[in-house]
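Everything on this sheet refers to the single structure shown next.
The values are calculated or read from the model by the stated rules, or taken from the named source; none is laboratory data. All of these numbers come straight from a predicted model, not from anything done at the bench. Backbone-built Cβ (ideal geometry, glycine too); neighbour counts: all protein chains shown. Just the protein is used for accessible areas: all its heavy atoms, side chains included, with ligands, DNA and RNA removed. Shrake-Rupley method; radii C 1.70, N 1.55, O 1.52, S 1.80 Å.
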Amino acid sequence: MRLGYALIVLSLINGCSPSKQIGSNVSDIARISQSSKDRFNTIQEEVLKTEHIDVLLIRDQAKAGSNEQQEIMDLVFDTMEVLPFIDDEAPWWGSTLEYGFIALAIVGTFALLWYLGLGIPIKALMRSFAAFIPRGKKDAAKLMIEAQDPNSKTSVEEAIAVLRATDKDFDAAYRKEKK
């Protein structure tokens with residue numbers, strides 16, 4: 001059953017395309033050229049005979065060789081007509097797979113760096129850019145600065161209460177340390 005699915009997928013992938021037609025034409029040209037070469041060799045051998053020349057054989061071989069040469073030229077012209085239309089593209093899912101693998105490579109690189117112990121320096125580097133600090137953490141820092149100012153209406157207790165209400169991790173750590 002899987003083989004059947006694989007064959008269907010391969011047939012969809014290898015649909016008709018200008019490059020396939022060119023490949024087929026080149027194969028036909030090679031086959032016909034070999035046949036034509038054999039015919040001309042036969043003519044050459046027949047002409048080299050001095051005792052009896054078979055004029056009918058030479059005429060038939062020359063006519064068939066001429067027809068094969070015309071067929072070769074027709075295939076060449078057909079191939080030249082198809083060349084401008086060569087624009088084989090990846091299937092629609094090919095670019096999706098490519099972007100998926102790129103994303104996996106990026107995530108995998110970060111995971112590997114984190115695993116190797118470079119996560120903390122990376123996190124510190126990201127924190128050096130203010131855009132990577134979460135808004136809640138920025139608000140908490142601003143609140144603590146206000147609480148430190150003796151002229152501010154915000155007290156340390158109020159700042160702690162706000163931090164505990166907005167940050168569940170801080171609240172859990174605060175309760176643990178309080179015990």
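Could you state the accessible area per residue of the chain in Å², with a 1.4 Å probe and every protein chain left in place?
Value for the chain: 82 Å² per residue.
With 26 Å as the limit, write out which pairs from K153/K176; K137/K176; K138/K176; K123/K153; K123/K179; K138/K168 have Cα-Cα distances beyond it, or answer none.
Table pairs above 26 Å Cα-Cα are K153/K176; K123/K153; K123/K179.
Roughly speaking, to the nearest percent, how much of the stretch 35-110's 1.4 Å accessible area is carbon and sulfur?
63
Using the Kyte-Doolittle scale, find the helices of the chain whose mean hydropathy is at least 0.0 and whose Cα atoms extend 18 Å or more along the helix's long axis, counting only whole DSSP H runs.
92-113
Please sort by residue number the GluC sites (Glu not before Pro) in the stretch 78-128 whose DSSP state is loop and whose Cβ has at most 15 other Cβ atoms within 10 Å.
E89
For the ranges 110-121, 20-31, what's the packing order if you count other beta-carbon atoms within 10 Å of each residue, average per peptide, and put the highest first?
In descending order of packing, they fall as 20-31, 110-121.
Determine Rg/Rh for the chain; Rg is computed over alpha-carbon atoms and Rh is the Kirkwood hydrodynamic estimate from the same atoms.
Rg/Rh for the chain comes to 1.54.
What size of dipole, in debye to the nearest 20, comes out for the stretch 94-149 about its Cα centre when the only charges are +1 on Lys and Arg C-beta atoms and -1 on Asp and Glu C-beta atoms?
Rounded to the nearest 20 debye, it is 80 debye.
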